[in-house]
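Visitor: Have a look at this one.
The values are calculated or read from the model by the stated rules, or taken from the named source; none is laboratory data. Values in this document were obtained by computation on a predicted structure and should not be read as measured data. Note that each Cβ is placed from the backbone with ideal geometry, even for glycine, and that neighbours are counted across all protein chains shown.
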């Protein structure tokens, strides 16, 4: 039996409360990062089916994107699975975001507009 020290539900609760406070960007990123770090350190908190690639063949065989939470306050939490060698071209989410890596690593290239 695995004991989860910080659950997805706790993360959603903590992040929802934080977003509801309408904090400045520094507080949002600092506090949110601490919550995300706690979640990332407990990978069992994310159900296994949301930590696996969704495709079976073709371009998306090693990739998966899963909606974990979409709150009425606009908070959106997803699990994104990247397989070995996966990549995506330059893009803009047009929002703030936090990225936590649970397994392996990612490489990011920042482009200038």
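Okay, residues lined up against (1) touching a residue at least 24 places away in the same chain (Cβ under 8 Å); (2) under 26 Å from residue 9 (Cα atoms); (3) assigned to a loop (DSSP other than H, G, I, E, B):
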| residue | (1), (2), (3) |
| --- | --- |
| 91 | no, no, yes |
| 98 | yes, yes, yes |
| 105 | no, yes, yes |
| 110 | no, no, yes |
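Visitor: Something else now. In region 15-25, which residue that is assigned to a helix (DSSP H, G or I) and modelled with pLDDT of 95 or more is farthest from the chain's Cα centre (by Cα)?
Guide: 20
Visitor: Same structure again: Residues that are in contact with a strand residue (DSSP E or B) (Cβ under 6 Å, 6 or more places away or on another chain) and in contact (Cβ under 8 Å) with a residue 24 or more places away in the chain: does region 22-31 have at least one?
Guide: No: zero hits.
Visitor: Moving to a separate point now. If I ask for residues that are at pLDDT 95 or above and either within 13 Å of residue 96 (Cα to Cα) or assigned to a loop (DSSP other than H, G, I, E, B) (or both), which ones from region 30-52 would you list?
Guide: 30, 32, 33
Visitor: Just the residues that are surrounded by fewer than 13 Cβ atoms within 10 Å (Cβ to Cβ), assigned to a loop (DSSP other than H, G, I, E, B) and either under 15 Å from the mean Cα position of the chain (by Cα) or modelled with pLDDT of 80 or more (or both), please, taken from region 58-72.
Guide: 72
Visitor: Also, quick follow-up: Got at least one residue in region 3-14 being at pLDDT below 95, exposed (fewer than 14 other Cβ atoms within 10 Å of the Cβ), under 14 Å from the mean Cα position of the chain (by Cα) and not in a strand (DSSP E or B)?
Guide: No; the residues of region 3-14 include none that is at pLDDT below 95, exposed (fewer than 14 other Cβ atoms within 10 Å of the Cβ), under 14 Å from the mean Cα position of the chain (by Cα) and not in a strand (DSSP E or B).
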